[in-house]
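The structure appears right after this line, and notes come after that.
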Amino acid sequence: MTPDIIIFNGALMTFDAEQPQAQALAIAGGVITAVGSTDDIRDLAAPETRLIDAKGGTVLPGFIDSHVHLFGGSVELSCLNLYGLHGLENMAEAIRHYAAANVEDQLVFCVMCDYGILGTGKTPTRHDLDYILPERPLAMFAPDHHTVWANTAALELAGLLQGGTVDAGSLIVMGEDGLASGELLEPGAYSPVLALTRHGGREMMGLTTGKDPVPAPSEAEREMDKDVIAQGLIHCAEQGITGLHLMDGNVYQAELLSELEAEGRLLCRCEVPFHFKGTDPIERIAAEAPAMRARFQGDMVRSAHLKMFIDGVVESGTALMLEPYPGEMGAGGNMGDEVFTQEHFVAACIEADRLGFQIAVHAIGDAGVRRTIDAYEAVQNANGVRDSRHRIEHLEVMHPSDIPRLAKLGIVASIQPGHAPFGGYFPPTGVGQYLHDHQIAGAYAWQDIRETGAKVIFSTDWPVIPVDVMTNVKAAVAPQKLGALWRDQAQTLEDTLESYTKGNAWAEFREDRKGQLSVGMMADVAVMSHDLSMVSPDVINAAAAMITICDGKVTFER
């Protein structure tokens, strides 16, 4: 078959054990048809073949980000980003300028607001936000997306100023005056505020409820939603990304992605989960999940995994811990918030596994992680052992005795290097202040986990941190030194890139079709600006994708 594209003069990292390195490859009909030397592959060219000179840069399988929130991340590209901003006056200047430029927005919405943005040791209150915008609704998202801060006008408009009833694990923090303080913990508390955003909260429904919008979006709203997702896909393709594992899912989002595919605007393959909440009856899984899976089984849009949350996050004191948090956060014996009862959670895991679903569970605290491992063990006892590849997302704090259990039970460790305090993105003093010193031994233990033989895969959790691949790679290969309590968890470059490509393809059960550069594989390829093996780890983020190819088509060219 005449090649559509030939890439030559490259430093290929094939992740194919039989041919680990090469210089060139050929693509035809959406698959890789030849891999070898530049001379041999160039001889296959026809006049119509596109020739791409990699100029010595690394050529590798397209990156797969195995934990993202595509719809929300896409929307947030146009929101006011407060990352790196500190102090009330600096906040006020930025927010007032943004508000004046977006007068049609019902809610002035900001993202990436650090928990310590005020620099006072306290999180913002509605009164702080009232000082910035006293009359117009204003809300800010924490980077981890587990906390929203809202001013009085936003709380009133959302019907939350007097408090209200929320799901287990969520909290409307009340002030001493008997009114909401402005701090809203977890989706069950902040969803009414998100409903005021430009997209009516539809961008987060796959995370907050797992249900479809009611009433159904109008045709104009559907087009608006598709257009913003299309912009997010362009942004992902610019990073060399060809695949995404979404961790917020509903039928509506899968429908939008399928429509984008039909329109030729779907630039990355997307795995869309069925999202199950702690308040849902077990019967919902069998009633809805298999039908969603059966409906979306294409090469570009597919549904095959089920997503759940077991806890929250450390920074807000909602991650489940084996002992109370230190200091003020542990007041009253606070050990985090239970999103599921363990009995209900185990039952949900057993039912999802019985129906053949891969399970992915957000678990951050050492107790949350242990509960998830216990549940997966209960699944094997109930249903028998199979090649399930069940995942734990984040596992930021683990009891050291639980680390070997991952490999023993075949559990996949889904890790986001940029989240760690030594990842270079968040303040290094952040998480550590909320942990006891003895808990740090099992915190962000990437290499310790890998050395047990457990499968480790990498992602960003965009928009918690940017979807930028090379910034995340740097976090893995060149983590900061934080002192004696924090073990060196630096990753090798090869392990890191494998966890971002072949490993993530394996995690979606498609290792026989993607994740390596070999004949017959899907033509998902990233051509990098540098030979990554020759770049110092501490500056590896200077490298970037020059060309991205998904399904044999160029989706980005720098």
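Cβ-Cβ distances below 6 Å connect the following pairs, each with a first residue in segment 71-93 that is free of Cβ contacts under 8 Å to residues at least 60 places away in the same chain and under 17 Å from Pro143 (Cβ atoms), a second residue that is of a type outside the set (A, V, I, L, M, F, W, C) and open to solvent by 40 Å² or more (accessible area, probe 1.4 Å), and a separation of six or more residues or different chains: His86/Gly119. With respect to Asp512, is the statement that it is in a loop (DSSP other than H, G, I, E, B), at pLDDT 95 or above and on the phi < 0 side of the Ramachandran plot true? Spelling it out, Asp512 is indeed in a loop (DSSP other than H, G, I, E, B), at pLDDT 95 or above and on the phi < 0 side of the Ramachandran plot. Among the aliphatic types (A, V, I, L, M), under 16 Å from Asp16 (Cα atoms) and in contact (Cβ under 8 Å) with a residue 12 or more places away in the chain: is that true of Ala523 in this structure? Answer is yes for this residue.
Scanning segment 127-156 for residues that are more than 24 Å from His69 (Cβ to Cβ) and of a type in the set (Asp, Glu) yields Asp128, Asp130, Glu135, Glu156. Restricting attention to segment 297-312, the residues that are farther than 27 Å from Asp114 by Cβ, surrounded by 22 or more Cβ atoms within 10 Å (Cβ to Cβ) and either free of Cβ contacts under 8 Å to residues at least 60 places away in the same chain or among the β-branched types (Val, Ile, Thr) (or both) add up to 4. Reported count of residues in segment 172-188, each being at positive phi and surrounded by fewer than 21 Cβ atoms within 10 Å (Cβ to Cβ), is 1. When Glu315, Glu255, Glu271 are checked against the criterion of being charged (D, E, K, R) and surrounded by fewer than 20 Cβ atoms within 10 Å (Cβ to Cβ), a single residue qualifies: Glu255. Please work out which residue is surrounded by the fewest Cβ atoms within 10 Å (Cβ to Cβ), limiting yourself to segment 189-224 and to residues that are within 23 Å of Pro281 (Cα to Cα) and among the β-branched types (Val, Ile, Thr). Within segment 189-224, the match that is surrounded by the fewest Cβ atoms within 10 Å (Cβ to Cβ) is Val214. Say whether the condition of being under 21 Å from His275 (Cβ atoms), open to solvent by less than 40 Å² (accessible area, probe 1.4 Å) and in contact with a Cys (Cβ under 7 Å, 6 or more places away or on another chain) is met by at least one residue in segment 349-359. Yes, segment 349-359 has at least one match. Within segment 520-558, the residues that satisfy the criterion of being under 23 Å from the mean Cα position of the chain (by Cα), over 22 Å from Ile32 (Cα atoms) and open to solvent by less than 40 Å² (accessible area, probe 1.4 Å) are Ile540, Ala543, Ala544. Hey, does segment 382-401 have a residue that's open to solvent by 30 Å² or more (accessible area, probe 1.4 Å), under 30 Å from Lys122 (Cα atoms) and in contact with a helix residue (DSSP H, G or I) (Cβ under 6 Å, 6 or more places away or on another chain)? Yes; the residues of segment 382-401 include at least one that is open to solvent by 30 Å² or more (accessible area, probe 1.4 Å), under 30 Å from Lys122 (Cα atoms) and in contact with a helix residue (DSSP H, G or I) (Cβ under 6 Å, 6 or more places away or on another chain). Could you please find all residues in segment 402-428 being β-branched (Val, Ile, Thr) and either open to solvent by less than 10 Å² (accessible area, probe 1.4 Å) or outside any helix (DSSP H, G or I) (or both)? Scanning segment 402-428 gives Ile411, Val412, Ile415. Whether a residue is part of a loop (DSSP other than H, G, I, E, B), touching a helix residue (DSSP H, G or I) at 6+ places or on another chain (Cβ under 8 Å) and on the phi > 0 side of the Ramachandran plot was assessed, and Gly200 passes this test. Residues in segment 148-171 that are buried (at least 22 other Cβ atoms within 10 Å of the Cβ), of a type outside the set (A, V, I, L, M) and modelled with pLDDT of 95 or more: Trp149, Asn151.
The values are calculated or read from the model by the stated rules, or taken from the named source; none is laboratory data. Remember, predicted model here, so these are calculated numbers, not experimental data. Cβ sites come from the backbone with ideal geometry, for glycine too, and all protein chains shown count toward neighbours. For accessibility, only protein heavy atoms count, side chains too; no ligands or nucleic acids. Shrake-Rupley method; radii C 1.70, N 1.55, O 1.52, S 1.80 Å.
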